[in-house]
Amino acid sequence: MPYQISNRINTLPPRRIIRNTDNSKLVLQCEFAITAGKEKEYLIKTPGFNSCLVLTLYSSEKKVGGMAHFDVETEVPRSLREVVLPEFRKRDCRGLKACLVGGVEGHSGDLIRAVRDSLKGSQIGIAGMDIFDSFGYPGLILSARTGRLFDPDTTDIKSDAETLFRFESALRYLVDTPAPRLIRLVG
């Protein structure tokens, strides 16, 4: 019988709010981005999510962080193997630590299990989880300088042409790419 994942689990420290995310890369549904603490865009953010699962990976040695925003139709093992982990290997990152945030009880268990099992198969430890919050998530921000996770200021939502184009591009990818689909590298 498969291991049942249920009830809220939060093993992460409380997240503070970051108000200025101008120096950030944007990750939307079924996307992945990676950055280094020394880069101008040293933050990676994703807007509000509910049934999706956001995976952050961090190398404290190299100060490199990545964020993947998975939905239930993402081909998780292949996405990690072919898109996410090669980007960390290009940067010679070892000893990655993962955090999992998101999910809705009764809907996201298989997604969470797929990510957890794929990480275990890649010998990546899970540093913490915040899953099944019944109120959803306002978004998530990862700092590649520190590896810390933050919540976004929900009043700081940009609607400039570039951001709107990114949302349109992500939506087009979801509509045009049949499930199960690979996560795509952005930014």
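Computed from the coordinates by the stated procedures, all read-outs in this text should not be read as laboratory data. Since the structure is predicted, the reported quantities are computational estimates derived from the model, not experimental observations. Positions of Cβ are generated from backbone atoms using ideal geometry, with glycine treated the same way; all protein chains shown enter the neighbour counts.
Things worth noting here:
- For residue 164 and residue 23, the difference between the fully extended length at 0.36 nm per residue and the C-alpha to C-alpha distance is 49.0 nm.
- In nm, spacing of pseudo-spin labels at residue 135 and residue 184 (7 Å Cα→C-beta vector): 3.4 nm
- With neighbours defined as other Cβ atoms within 10 Å of a residue's Cβ, the residues 32, 150 order from fewest to most as 150, 32.
- The range 99-187, relative contact order [Cα under 8 Å, separation at least 6], %: 24 percent
- Note: relative contact order over the chain, using C-alpha pairs below 8 Å and six or more positions apart, is 33 percent.
- Dipole magnitude for the range 9-185: computed about the Cα centre from +1 point charges on Lys and Arg Cβ and -1 point charges on Asp and Glu Cβ, it is near 820 debye.
- Share antiparallel - DSSP beta bridges, the chain, percent rounded to 5: 65 percent
- Distance in nm between pseudo-label sites at residue 7 and residue 123 (7 Å out along the Cβ direction from Cα): 3.4 nm
- With both labels modelled 7 Å from their Cα along Cα-to-Cβ, the residue 97 to residue 81 distance reads 2.8 nm.
- Residue among 115, 49, 14 farthest towards the positive dipole end of the range 1-151, charges placed on Cβ: 14
- Förster radius 22 Å - calculated FRET efficiency between residue 105 and residue 174, Cβ distance, rounded to 0.05: 0.40
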